[in-house]
Amino acid sequence: MQISARNRSALLLIIVFPLLLAGCWDRNEIEETGIALGIGIDFPDEQEKGARPIIAMTHQFALPNQFSESTSSKVQKDYVNMSSKGPIVFDNIRELSTRSARPPNYEHLQVIVISEKAARAIDLKNVINFFLRNTETRRSIRVVLSHGKASDIFQQQKSTKTPALELRELTDNYRKTLRIPPPLTLGNMSEHLTGQSSFVMQSAASSPEGAKLSGGAVIKGTTARMIGFLSETETVGVNWLLGGNHSNGIVEGVEPNSGAMLGYEVRKITSSIQPIVQGDNISFRVKIKTTGKLREDWAFPGDAFDADFINRAEQATAAKIKQIAEKALAKTQRQYKVDVAHFGKRLSIKQPAVWKRVKDGWEERFSRMPVSIEVEVDIQEFGTRGTKRN
Amino acid sequence: MKTNDRSKDSITATQAAMMTAKAMIGTGILVLPQSIAKSVETPDGWLSVLLSGILAMLCGFVVVKLSQRFPGRTYYQYSQEIVGKWIGACIGAGMCLYYIFSAGYLLRVMGEVVRMYLLDKTPIVIIMLTFMGVAIYMTTAGINAIAQLIELFLPIIILIMVVFIIFSFRDFELDNLRPVLGEGFAPVLKGIKPSILSFSGFEVMLFVTAFMSEPHKAIRAIFAGIGLTAVLYTLVVAVAIGSLTVEEVQTVTWPTMSVAMNIELPGGFFERFESLFTVLWVISMFTAFVLYHYGGSLGFGQLTGKKFQLFAYLSLPLIFMIAIWPSNLNKLFKLGDYIGYASFFMFGIIPVMFLILAAVRRAQHANKRAQ
C-alpha cells in the first residue's frame, strides 16, 4: 500500500501529539493524593501568652481500601486523622506536608467542623477565608459546630463508617426531623457573615455511639462569633419561624378536653413575617401555617371521623407550636439579641425606607420589638385507623 | 482584497446575529455580577443590565445605519471617505489596536481562569500560547469559517448557560433580589457604567455588515445579537445575586464561577459543574478571541492593502505581550476597564459623528449635482 507524503506527515503528527499531551504539569496520581474528607478546627487551651492565638486542625483523609485481609481479621479503618497547629489555616496545611508525602486534596471535602471554643474566640470570617479562596473547596461543603473538641467528632466510635461521611449524611437529615436546624453550607455561611446577619447552624456532639447532631448553635452576624447554643426544643421553635425546608417532623400536642397526648406529623410549613410600622413603633406578626396528618392520639375514643375532634386536635397542636416558637424567640430575640429568623430582611423588603432608618444596630432594637405569633394547623388525614371504638 | 470577492465571503443574517452576540459574551459573563454589585450596592443590578442592553441597541442601531450607507465596504475603508484619508486611517488603526488589546485582555483572562480552576501548576504562558496556536489557524481561515464555527458553538454555549441558570435555582432565593428599587432609581443608574462596558463587542458589525449577503437585515441581526446577550447577562446577574446575595457577590473574584461551585444535585449525583462550565467557557472565549483577532488583522490588511493573514501572524506577538503585560489580577481588571472606556468612545460616540458627517456629505453631493 502506498502512503502519500501528505498522509505520512499526518500520521507522524498523530503519533507526536499524544506525546505532548502526556507532558502535563498538573498531573496528580490518585494514589499519591490525600483525599481530605473532613476538617476540624479547634482552639487549643494551651495558648502562649502575648503571642498570637494559634488554632489546631484535624484532617481526616480517606485511605483507599487495602487488600490486607490475610494479615489480621481486625476491621481495617478506612481513614486516618492528622492534626496540626499554627496561627492560620494555611500554616496548618503546610505543616501537614512535613508529615505526609501525600499532598492534601480538598475536592471531596465533605464537612468542616468548628469547635465551640474556636467559634467563640475567633472571627469566623477569618476561619473560613482560606476555604473560600481555595478553588478546590466547593461552596457546598457543610459546616457544623461542635460541643467540645472538633477533633473528637472525627474519632470513630462504634459505627464502621468514616465519621466525616457519616456526619455529612446526618446534616441532610433535617428533612426528617425538626430538632436540627437546616444544614449550613460554606457558601451560605459566608453570605450570612458578609451580610452581618445572625444565623443558627447545626451543632454536633460526640457520644459513645459516634457523632450526634443536637440542637443548634447561634452565630451573631455583627461579631461573626458564636453566642450560644439552642436546646432541641428551641431549635424546633426556630425551625417553625423559618418555615419552608422541613417536610417531616413531629409535634406532640395535648388535647384540651381529655388532656390526652397527640402526635402531629408535619408535611409542610409556611411561615410569613409581617412587619407592622406605626410611627416609630415597629412590631411583627408571624403567621405560621402548616398542613400534616394526625399520627397518634392517646385519647379515648379519639374519633378522627368526628370533625370536632380534628378541630380540637388542630387547636391543641397550634397551641403547642405557638408555645415552642415563643420559647425560641425568647431565647434568640430577648436573651441573645439576635435576629435568626430574618425579621430584618422582611422589614427591608416591605418597608425599605423604614429599614434604612433602623438598620444600624438593628439587632439591639429588634430585641425590644414585640412579636406576635399566629399558628394555623390543618390536619388533612389521620392514617388507616380513625377511632378506637365503633 | 478579500471584500472584492463577495461570492466567497458572504454570511447570512443569522450568522451575523450570532457573531454579534458572541463578540459580546466573553469575559463579561464572569466578572459582570461583581462590578455591578459593587457600583449598585442594592439588589437592583439586573435592572441596570437590562437598561444598558437597550442603550447598547441604540448604539448598535447607529453602527449598522452607518455601515449600511457603504454597502460591501468595511469601517476601515469608508472611514477614510468620511473624514479624509489620514484621519480615517488613524481612526481605523485605533480600532485595530482596540481589537488587538481586547484580544490580549481576553487571552489573559482566559489564562487566569484556566489556571485558577483547571490547571494550577501549568505555566499560564503555555496555556496562552496553545490557545493562540489554535486561534491563528481559525483566524487565517477567514470570516466564513469563523461564522460557521460560531454557528456551531453559540447554541452549545447558550445551552450550558441555560443549564447553569436552571441548576442554580436550587440555591436561588428570590428574597435576595428584593426589595426591588428599595432605594429608588439612583443606584440603577450607577450600574449602567460597568454594565454598558460589558456590552462592547456589538461593534463587530462595523465590518461584519460588509460581508452580509443581505445587508438590509443587519438591523435585525444586531438587535437579535444584543437582545440575546442582554437577556443572558440579566439572568446571570440575577442568578448570581439571588443565590449569593449582593454583599457576597461584591466579595468574590469570579461570581459566576462561585455560583457554579454552589451547584450540587442531590445525592452527590452530579458535582463539580464548574469544571464543565470552565471548559465550555474557554470555547466561548476562543470564539470571541478569534473574532477580535480577525477584526484587528482585517483592519490592518485593508489599511495597508495587504492580505489580512499576514497581519494575523504579525499581531500575535503583540497580543501575547499585551496579555502578559498586567503583572497581577487587579491590573488586569484595570486594563479591562480602560478597554471598556475606549470602546465607549470609539463605538458610542464616533459612529454618531460619522453618521451625521456622512449625511451632511451626501447632502452636499446632492446639492452639487443639482447645480
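The values are calculated or read from the model by the stated rules, or taken from the named source; none is laboratory data. In this text the structure is predicted, and so the values were computed from the model without any measurement. Counting neighbours? That spans all protein chains shown, and the Cβs are built from the backbone with ideal geometry, glycine included. The protein model used for the area step is the full one, side chains on, heavy atoms only, and it has no ligands, DNA or RNA in it. Shrake-Rupley method; radii C 1.70, N 1.55, O 1.52, S 1.80 Å.
Structure above, values below:
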item	result
Selection within the range A:177-197 - within 14 Å of chain B (Cβ to nearest Cβ), open to solvent by less than 40 Å² (accessible area, probe 1.4 Å) and farther than 21 Å from B:Met261 by Cβ	A:Ser197
Extreme residue, farthest from B:Glu41 (Cα to Cα), among residues of the range B:231-248 that are assigned to a helix (DSSP H, G or I) and within 9 Å of another protein chain (Cβ to nearest Cβ)	B:Ser243
Test: residue in the range B:343-362 that is of a type outside the set (S, T, N, Q), closer than 16 Å to B:Gly28 by Cβ and surrounded by fewer than 18 Cβ atoms within 10 Å (Cβ to Cβ)	yes
Residues of the range B:26-62 that turn out to be assigned to a helix (DSSP H, G or I) and open to solvent by 10 Å² or more (accessible area, probe 1.4 Å), as a count	16
Flag for A:Thr332 being more than 14 Å from chain B (Cβ to nearest Cβ), β-branched (Val, Ile, Thr) and open to solvent by 70 Å² or more (accessible area, probe 1.4 Å)	no
Test: residue in the range B:189-207 that is within 14 Å of chain A (Cβ to nearest Cβ) and among the hydroxyl-bearing types (Ser, Thr, Tyr)	no
Answer from B:Thr130, B:Thr122 - the residue that is among the polar types (S, T, N, Q), exposed (fewer than 15 other Cβ atoms within 10 Å of the Cβ) and under 29 Å from A:Arg133 (Cβ atoms)	B:Thr130
All positions within the range B:249-269 that are facing chain A (nearest Cβ under 9 Å), modelled with pLDDT of 85 or more and open to solvent by less than 10 Å² (accessible area, probe 1.4 Å)	B:Met257, B:Val259
Looking only at the range A:217-251, and only at residues there that are out of contact with any Asp or Glu (no Cβ under 9 Å at 6 or more places or on another chain) and in a strand (DSSP E or B), the one that is surrounded by the most Cβ atoms within 10 Å (Cβ to Cβ)	A:Ile219
Matching residues, the range B:169-179, being surrounded by fewer than 19 Cβ atoms within 10 Å (Cβ to Cβ) and more than 9 Å from chain A (Cβ to nearest Cβ)	B:Phe169, B:Arg170, B:Glu173, B:Leu174
Selection within the range A:161-176 - surrounded by fewer than 19 Cβ atoms within 10 Å (Cβ to Cβ) and outside any helix (DSSP H, G or I)	A:Lys161, A:Lys176
Selection count where residues are on the phi > 0 side of the Ramachandran plot and open to solvent by 20 Å² or more (accessible area, probe 1.4 Å), scope the range A:265-304	1
Hits in the range A:121-139 - residues which are part of a helix (DSSP H, G or I), open to solvent by 20 Å² or more (accessible area, probe 1.4 Å) and touching a strand residue (DSSP E or B) at 6+ places or on another chain (Cβ under 8 Å)	A:Ala121
Selection within the range A:198-216 - hydroxyl-bearing (Ser, Thr, Tyr) and either within 14 Å of chain B (Cβ to nearest Cβ) or open to solvent by less than 30 Å² (accessible area, probe 1.4 Å) (or both)	A:Ser198, A:Ser203, A:Ser207, A:Ser214
Filter result for B:Gly225 (out of contact with any strand residue (DSSP E or B) (no Cβ under 9 Å at 6 or more places or on another chain), closer than 28 Å to B:Ile150 by Cβ and more than 9 Å from chain A (Cβ to nearest Cβ))	yes
Some residue of the range A:349-359 being touching a Leu at 6+ places or on another chain (Cβ under 6 Å), at pLDDT below 90 and open to solvent by 30 Å² or more (accessible area, probe 1.4 Å)	yes
Answer from B:Lys2, B:Lys22, B:Lys8 - the residue that is modelled with pLDDT of 85 or more and of a type in the set (Lys, Arg)	B:Lys22
Options B:Ile157, B:Ile143: the member that is open to solvent by less than 20 Å² (accessible area, probe 1.4 Å), under 23 Å from B:Val259 (Cβ atoms) and not polar (S, T, N, Q)	B:Ile157
Those residues of the range B:318-342 which are closer than 19 Å to B:Val252 by Cα and either open to solvent by 80 Å² or more (accessible area, probe 1.4 Å) or among the basic types (Lys, Arg) (or both), in sequence order	B:Asn330, B:Lys331, B:Lys334
Verdict on B:Ile166 being touching a helix residue (DSSP H, G or I) at 6+ places or on another chain (Cβ under 8 Å) and either open to solvent by 80 Å² or more (accessible area, probe 1.4 Å) or under 30 Å from B:Thr12 (Cα atoms) (or both)	no
Selected residue (criterion: least open to solvent (accessible area, probe 1.4 Å)) from residues of the range B:106-119 that are within 10 Å of another protein chain (Cβ to nearest Cβ) and touching a helix residue (DSSP H, G or I) at 6+ places or on another chain (Cβ under 6 Å)	B:Tyr117
Among residues of the range A:339-385, those that are in contact with a strand residue (DSSP E or B) (Cβ under 9 Å, 6 or more places away or on another chain), in a loop (DSSP other than H, G, I, E, B) and not aromatic (Phe, Trp, Tyr), counted	7
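Here is a yes/no grid of residues against (1) within 14 Å of another protein chain (Cβ to nearest Cβ); (2) touching a residue at least 24 places away in the same chain (Cβ under 8 Å); (3) open to solvent by 40 Å² or more (accessible area, probe 1.4 Å):
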{"residue": "A:Phe90", "(1), (2), (3)": "no, yes, yes"}
{"residue": "A:Glu107", "(1), (2), (3)": "yes, yes, yes"}
{"residue": "A:Ile114", "(1), (2), (3)": "no, yes, no"}
{"residue": "A:Ala119", "(1), (2), (3)": "no, yes, no"}
{"residue": "A:Ile141", "(1), (2), (3)": "yes, yes, no"}
